[in-house]
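Note sheet for the following structure.
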Amino acid sequence: MFEGSIVALITPFKGGEVDYQALENLIEFHINNHTDAILVCGTTGESPTLTFEEHEKVIEEAVRIARGRIKIIAGTGANATHEAIELSTHAQRVGADACLLVAPYYNKPTQEGLYRHFKAIAEEVSIPIILYNIPSRTGVEIAPETIYRLVKEHENIIGSKESTPNMDRISELKRLLGDNFTILSGDDSLTLPMMALGAKGVISVANNIMPREVKQMVDYALKGDFKKAREMHYYLYELFKVLFIETNPIPVKTACWALGMCEKEFRLPLCEMKPENERKLISVLKAYNLPVVRGDG
């Protein structure tokens, strides 16, 4: 149900508030470019600095704007189980198609704690749940055995977003769970290697900038045409890497600003790029013949 090229959408700000007009424009942009689904309020959407009210309103507005034309996945994870339940039940109530649940961060639960956390949420909602494994940010990995245990007990836990360079982990997940469990890459430059092992797509940062090309790469891989998928991977590789020259989502939002899609506005502790890195980013955008309208790269 959830495969292909999924965008990890930025959250545009203007004057210290969420820019809902820009949000609508971004969603229309992805509908027009045939992106397979949209994730809102993920890490790339700066969810840690959204207020609780903003978080829920962004999800609600995304569903309203989409009007069923594209699937909306709501980032509803939290490091407190009761907060994740509240966000997830709200997302279901307003019509989101699925929830993405990051592993609780900073408090570093045990595998038993992770199991109980996700189990409690899965028992409160009926929409599909995608787990989010990103140990570099959360400080904890959701073990394949823990995912196996959860999936066997809760049919609405249907996949995981994997932001890890450990390809053995992808192999182990496929071995344990087979083709009925959807693995999605959480790192653009690792999408092709993961798909070679059986992943079904990507929740992509680069998709914010070049959605048609990212989708083309993923579609080739899904069809088994890895020669053409590899060509697209190498074509996009410089973009994949420059978008992580500083902490995500700073470069991708700066790129969207340069392309006239949003303001270059962050919330502390995130801030603007170093000038030399911004110039490098914009020069890469220009090398791809993208319509840069702001910036001096």
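The values are calculated or read from the model by the stated rules, or taken from the named source; none is laboratory data. In this text, all values refer to a predicted model and were calculated from it rather than measured experimentally. Heads up, the Cβs are rebuilt from the backbone with ideal geometry, glycines too, and the neighbour counts pull from every protein chain shown.
Remarks
- Residue selection: Pro104 fails the criterion of being within 29 Å of Leu243 (Cα to Cα), touching a residue at least 12 places away in the same chain (Cβ under 8 Å), surrounded by fewer than 19 Cβ atoms within 10 Å (Cβ to Cβ) and not charged (D, E, K, R).
- Flag for Asn248 being in a loop (DSSP other than H, G, I, E, B), touching a residue at least 24 places away in the same chain (Cβ under 8 Å) and closer than 30 Å to Leu177 by Cβ: yes
- Pairs where the first residue, in the range 208-223, is farther than 15 Å from Leu26 by Cβ and the second is at pLDDT 95 or above and charged (D, E, K, R), C-beta under 6 Å, 6+ apart: Tyr220/Lys228
- Taken over the range 112-139, the residue count meeting the criterion of being within 22 Å of Val205 (Cα to Cα) and of a type in the set (Val, Ile, Thr) is 4.
- Boolean, Arg137 is part of a helix (DSSP H, G or I), over 22 Å from Gln92 (Cβ atoms), under 22 Å from the mean Cα position of the chain (by Cα) and of a type outside the set (A, V, I, L, M, F, W, C): yes
- Members of the range 194-207 that are assigned to a loop (DSSP other than H, G, I, E, B) and either surrounded by fewer than 24 Cβ atoms within 10 Å (Cβ to Cβ) or touching a residue at least 60 places away in the same chain (Cβ under 8 Å) (or both): Leu197, Gly198, Lys200, Val205
- Some residue of the range 155-177 being exposed (fewer than 14 other Cβ atoms within 10 Å of the Cβ), over 19 Å from Gly201 (Cα atoms) and at pLDDT below 95: no
- If you check Ala84, Ala78, Ala66 for being more than 18 Å from Ile134 (Cβ to Cβ), buried (at least 19 other Cβ atoms within 10 Å of the Cβ) and out of contact with any Asp or Glu (no Cβ under 6 Å at 6 or more places or on another chain), only one passes: Ala66.
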